[in-house]
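Participant: Mind having a look at this structure? Questions to follow.
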Amino acid sequence: MKRIGLLSDTHNCWDDRYEKYFAGCDEIWHAGDMGSYGIAQRLNEIAFLRAVYGNCDGSDVRLMYDETSRFKVEDAEILMKHIGGTPGHYDRSIGMQLSMNTPGLFVCGHSHILKIQYDTTLGMLYINPGAAGLQGWQKVRTLVRFSIDGNRFRDLEVIELEHSDSHVHILDD
């Protein structure tokens, strides 16, 4: 069994609570719009990092990560892309790939809206962890944690980060 920490849309915002909530995770996944490679470096100090770049990421992040990532953890196949849409309304850049080669889990970001749903049409779990950073209109910053046991997703938790200046730093790269 693997424990996963998931976030998206940090937009160069580091929150010290990432360390607290992702301690004990085997992997951390970032679904794009990191804002800087410094975010990746800090997350990778907590646990092994998998990531994709987002539309707001610069060349430093784009050189290190792909736009789309398909990988396997335990027996589960995962597909991650920053701009992905929602079940029934997937972005045209990923819709065909989802329907032709459906993973067990599709992870995306971009909307800054937390959404976790089982897509009954494609037979897969969909997770958008919302936004963990300060940029954007969202009122609540969110992280997600869960476990992968074989090909099953278990123990899913949503963590809401209250706005607090004492925990938040904008990284200068």
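Participant: Only residues that are open to solvent by less than 10 Å² (accessible area, probe 1.4 Å) and touching a Lys or Arg at 6+ places or on another chain (Cβ under 8 Å): list them for the stretch 1-30, please. Reasoning before the result, please.
Facilitator: Residues of the stretch 1-30 that are open to solvent by less than 10 Å² (accessible area, probe 1.4 Å), as a first pass: 4-10, 13-15, 18, 22, 28-30.
Listed by number, the residues that qualify are Ile4, Gly5, Leu6, Trp14, Asp15, Tyr18, Phe22, Ile28, Trp29, His30.
Participant: Report the residue count in the stretch 84-93 for those that are of a type outside the set (D, E, K, R) and surrounded by fewer than 19 Cβ atoms within 10 Å (Cβ to Cβ). Full working, then the answer.
Facilitator: Going through the stretch 84-93, the residues of a type outside the set (D, E, K, R) turn out to be 84-90, 93.
Okay, now just the ones that are also surrounded by fewer than 19 Cβ atoms within 10 Å (Cβ to Cβ), so 86-89, 93.
Selection size over the stretch 84-93: 5.
Participant: Hey, any hits in the stretch 102-109 for a residue that's open to solvent by 10 Å² or more (accessible area, probe 1.4 Å), within 18 Å of Trp29 (Cα to Cα) and modelled with pLDDT of 95 or more? Can you show your working first?
Facilitator: Just the residues of the stretch 102-109 that are open to solvent by 10 Å² or more (accessible area, probe 1.4 Å), to begin with: 102, 104.
Still in the running and within 18 Å of Trp29 (Cα to Cα): 104.
Going one step further and asking which of them are modelled with pLDDT of 95 or more, we end up with 104.
There is at least one residue in the stretch 102-109 that is open to solvent by 10 Å² or more (accessible area, probe 1.4 Å), within 18 Å of Trp29 (Cα to Cα) and modelled with pLDDT of 95 or more.
Participant: So for the stretch 141-150 (the condition being outside any strand (DSSP E or B) and open to solvent by 20 Å² or more (accessible area, probe 1.4 Å)), does at least one residue qualify?
Facilitator: Residues of the stretch 141-150 outside any strand (DSSP E or B): 150.
Those left that are additionally open to solvent by 20 Å² or more (accessible area, probe 1.4 Å): none.
So far as the stretch 141-150 goes, no, none of its residues is outside any strand (DSSP E or B) and open to solvent by 20 Å² or more (accessible area, probe 1.4 Å).
The values are calculated or read from the model by the stated rules, or taken from the named source; none is laboratory data. On a predicted model such as this, the values are computed, not experimentally measured, just so you know. Neighbour counts are summed over all protein chains in view; Cβ atoms, including those assigned to glycine, are modelled from backbone coordinates with ideal geometry. The area values use the complete protein model at the heavy-atom level, side chains included, leaving out ligands, DNA and RNA. Shrake-Rupley method; radii C 1.70, N 1.55, O 1.52, S 1.80 Å.
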